[in-house]
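Read-outs: derived from the displayed coordinates by stated rules, not from any lab. Note that this is a predicted model, so its numbers are computed, not measured. Glycine also receives a Cβ, built like all others from the backbone with ideal geometry; neighbour counts cover every protein chain displayed.
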Amino acid sequence: MSLQVTTIMLAVEDLARSKKFYAEGLGCTLDQDYPQFVKLTLGDGSSSLALYPREAAAQDAGVSSEGSGFRGVSFHYIVASPEEVDDVMSKAVAAGGGVVRAAAAVQWGYFGYFSDPDGYLWKVASGS
């Protein structure tokens with residue numbers, strides 16, 4: 001068996017806010033839009049992103065919806081240049097996200113972290 005990730009599901013506090021952040025703010029294509037579920041296309045060759053209310057997602061999995069702090073996962077978006085890193089970071093902030101680690105040059109390239117409105121971490125990086 002070859003394991004593949006076809007959809008990444010995020011449990012969110014406010015579905016409308018998260019839909020606006022990802023679709024309008026970051027330019028993801030809205031694929032399915034239901035009152036309790038949203039699915040977005042992230043880009044060619046990428047997994048899709050599903051948004052589901054936090055309580056409903058926890059109930060679906062049969063676990064508690066309580067939890068906070070670092071979730072032990074981050075999403076990484078590799079782009080071609082430092083300018084693109086800055087552009088993505090700016091769009092995330094303008095859409096309601098927050099800067100977790102300001103973009104800066106490092107030995108291997110350039111990167112920064114932002115969080116979405118629910119605190120999910122995104123690393124935006126360039127090798128140049």
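Take D31 and A80, extend 7 Å from each Cα along the Cα→Cβ direction, and tell me the distance between the two endpoints in nm.
Going from the D31 label point to the A80 one covers 2.5 nm.
Could you tell me how many degrees, from 0 to 90 and to the nearest 10, lie between the Cα long axis of helix 82-94 and the main elongation axis, the longest principal axis, of the Cα atoms of the chain?
That helix lies at roughly 40 degrees to the long axis.
Where in the chain lies the longest segment free of GluC sites (Glu not before Pro) that are both loop residues by DSSP (not H, G, I, E, B) and have at most 13 other Cβ atoms within 10 Å?
67-128
Rounded to two decimals, what ratio of Rg to Rh does the range 74-126 give with C-alpha atoms and a Kirkwood Rh?
The Rg/Rh ratio comes out at 0.94.
Along the range 56-61, what does the Karplus equation 6.51 cos²θ - 1.76 cosθ + 1.60 (θ = phi - 60°) give for ³J(HN,Hα), rounded to whole Hz, x for Gly and Pro?
Values, residue by residue: 5, 5, 5, 4, 4, 8 Hz.
If we restrict to alpha carbons, what Rg and Dmax does the range 7-61 come to, in Å?
Rg, Dmax (Cα atoms, Å): 10.6, 31.
What is the distance, in nm, between label points placed 7 Å from the Cα along the Cα-to-Cβ direction at V63 and at V93?
3.3
Can you give me the convex hull volume of the Cα atoms of the chain, divided per residue and expressed in Å³?
Taking only Cα atoms, the chain has a hull volume of 133 Å³ per residue.
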